[in-house]
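Take a look at the structure set out below.
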């Protein structure tokens, strides 16, 4: 009887950690994002590195804030976003996730 | 790109921030604790408050913080870069020690567990931006409630023992820590942390176990740095490299992120940002109430037990005070067992509500240096929304 219990425990431990030995899958979360002018650019340029959750959970922000974020992605994180796209993304973010303030 | 159909669905994510604020600009308030857990569970986790799936950002519900240890399957998650290896082979995983050392080392998990003294430490790990949603105007960054933290019993090997084995060369001053998370673009800076050798003591360990189990994948399997007393930005996950240098190397995540104004109040205004900043490093004194929760109804004249946890950067909790009259008078809560100066100290406070209607329950921790939590409104703003430690107010109704 004792042997059996030990065996069961051993089995349950290997089962618990088996998933890190094989590949794990992080679920995809369908964050609700607003449709709007420039959305397809946001989709193409932002999603490479992060989810929409990362955008919508920053809170409503000023144009200056969103411009700063886009600049940070380009300058610090080296995202290949050209000037035209950067402006489109900034406008989309401010129109949909702005606080109405320019500064 | 695999994620083609994301915009077709209209399932509300659990953590969208609503744009409403009637608060005066600049006044710090209670963090937003109204968010519910997602219906999606991440690997080895129960459903948690979910801000992002890539990189994964998960918050622990406040109700979990009534005990000293936070269960692994409810422990918060915060990564910085989108590409986390989805497969780790524990039989071949090694950690490299290089730079200004006499012997470069490649240590396997097995060697780490066999060739070194195994040690344990109870320690809180908390995101520097925990409770960021308390600040107005809203600082950039994830608008966390107060659950971007947890306390665990970590098991591993002293960093000092590993460095001793490698042998430091004279002049060695800085240590860089790098994990396996990667960016989408080659040119994006890695999430590397640097610490000065002077900052490290015997409590700093390279851990492979958390609360008696292997580290969960999302908490840095198979190895992470454990830096008791420090905010979690330096607790590098999936640790792969330790590099010793004589000079500080300029890095984005060190020089631009996780910094507060270098003045006494660590505060500034959006109009006049502080010129000089410093890393967030050591945690300040803080407590949260896990029970009751905001909006709860409690019975008149019933036995209510307020439960929560308190901690600081390693000086130790001296007492936790509870107020039921908006801070006019305070009574001492009962502290449970001391599990070490870096761990949560859980507290209990029993009382019988005598008046019907709204009741505000507050908790204030005081550490062994006499430092205590301020009221929210007395906490100055900083651009990163870091280090909030205001007195929590739980609003309940006596019925």
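Table for the structure above
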item: Flag for residue B:61 being more than 25 Å from residue B:191 (Cβ to Cβ) and surrounded by fewer than 22 Cβ atoms within 10 Å (Cβ to Cβ); result: yes
item: Members of region B:109-143 that are surrounded by 20 or more Cβ atoms within 10 Å (Cβ to Cβ), within 14 Å of chain A (Cβ to nearest Cβ) and not in a loop (DSSP other than H, G, I, E, B); result: B:132, B:133, B:134
item: Qualifying residues in region B:195-213 (those that are in a strand (DSSP E or B) and within 14 Å of chain A (Cβ to nearest Cβ)) - the one nearest to residue B:344 (Cα to Cα); result: B:210
item: Residues located in region B:153-191, provided they are touching a helix residue (DSSP H, G or I) at 6+ places or on another chain (Cβ under 7 Å) and modelled with pLDDT under 90; result: B:189, B:191
item: Within region B:21-108, strands (runs of 3 or more DSSP E) holding 2 or more residues that are within 14 Å of another protein chain (Cβ to nearest Cβ) and at pLDDT 95 or above; result: B:49-53, B:56-59
item: Enumeration of residues in region B:118-151 that are out of contact with any strand residue (DSSP E or B) (no Cβ under 7 Å at 6 or more places or on another chain) and modelled with pLDDT of 95 or more; result: B:128, B:129, B:131, B:132, B:133, B:134, B:135, B:143
item: Any chance residue B:178 is surrounded by fewer than 23 Cβ atoms within 10 Å (Cβ to Cβ), under 18 Å from the mean Cα position of the chain (by Cα) and in a strand (DSSP E or B); result: no
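Results for (1) farther than 29 Å from residue B:162 by Cα; (2) assigned by TED's automatic domain parsing to the domain that holds residue B:367; (3) crowded, with 19+ Cβ neighbours inside 10 Å, shown as yes or no for each residue.
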position	(1), (2), (3)
B:244	no, no, yes
B:248	no, no, no
B:256	yes, no, no
B:263	yes, no, no
B:272	yes, no, no
B:277	yes, no, yes
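For (1) facing chain B (nearest Cβ under 9 Å); (2) at pLDDT below 85; (3) not in a helix (DSSP H, G or I), each residue gets a yes or a no:
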position: A:16; (1), (2), (3): yes, yes, no
position: A:20; (1), (2), (3): yes, yes, no
position: A:28; (1), (2), (3): yes, no, yes
position: A:35; (1), (2), (3): yes, no, yes
position: A:65; (1), (2), (3): yes, no, no
position: A:69; (1), (2), (3): yes, no, no
position: A:91; (1), (2), (3): no, no, no
position: A:94; (1), (2), (3): no, no, no
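The values are calculated or read from the model by the stated rules, or taken from the named source; none is laboratory data. These numbers come from a predicted model, not from an experiment. With ideal geometry, Cβ positions are generated from the backbone for all residues, glycine too; neighbour counts draw on all protein chains shown.
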